[in-house]
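Structure first, commentary second.
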Amino acid sequence: MQKQKFKSAVLLCAAAALAGAFVPASASAESPAKAPVVAVDCFSKPQIRPGDFLLACGDGNNRLTALQWSHWGRTSAVGSGLDAVNDCLPYCAAGKFHTFPVTVRLDRPETWQKNPGLEHFTRLRLTYTDNRPPQLQQREVTYKLWG
């Protein structure tokens, strides 16, 4: 009887070891999922799918608002929203904000120096889908993002 129990235990251990050999690495507890790529704002706060994003950190006269993201991936993010731009007339403190519909694309992820465990997007491209600020000559503007 003891021999039978021993054989059963050995068979069960062998079956478990064999089954473990076929578990994909992605299902293993030792391989954590990569953190999503983030957008770093003016205050060095990492964000995923932000609803608004300040472009003019120094004076606050340009901000993306009402952002809706259709894609947020490892190499790029795409969304749409409004670019709120101060006309600064007659000077910025007395100016008025005007909004312009835009498509937003984030890309060129790199390791974030302040947190090497995260990657952040380093480029933001705005495409104006209707009117654009009068000071802009092109429908598309590209910004290098801080980090």
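All of the numbers you see were taken from the coordinates with simple rules; none came from a lab. Bear in mind the structure is a predicted one, so any value in this text is a computation, not a measurement.
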What whole number of Å gives the distance from the Cα centroid of region 102-127 to the Cα centroid of region 59-77? 10 Å
Check cross-link reach from Lys114 to the aspartates and glutamates: straight Cα distance under 18 Å, and skip same-chain residues fewer than eight apart. Asp41
Kirkwood hydrodynamic radius of region 39-144 from all distinct Cα pairs, in Å? 14.4 Å
So who's got an amide H within less than 5 Å of the one on Leu55, skipping anything under 5 residues away but keeping other chains? H placed 1.01 Å off N, in plane. Asn62, Arg63, Leu64
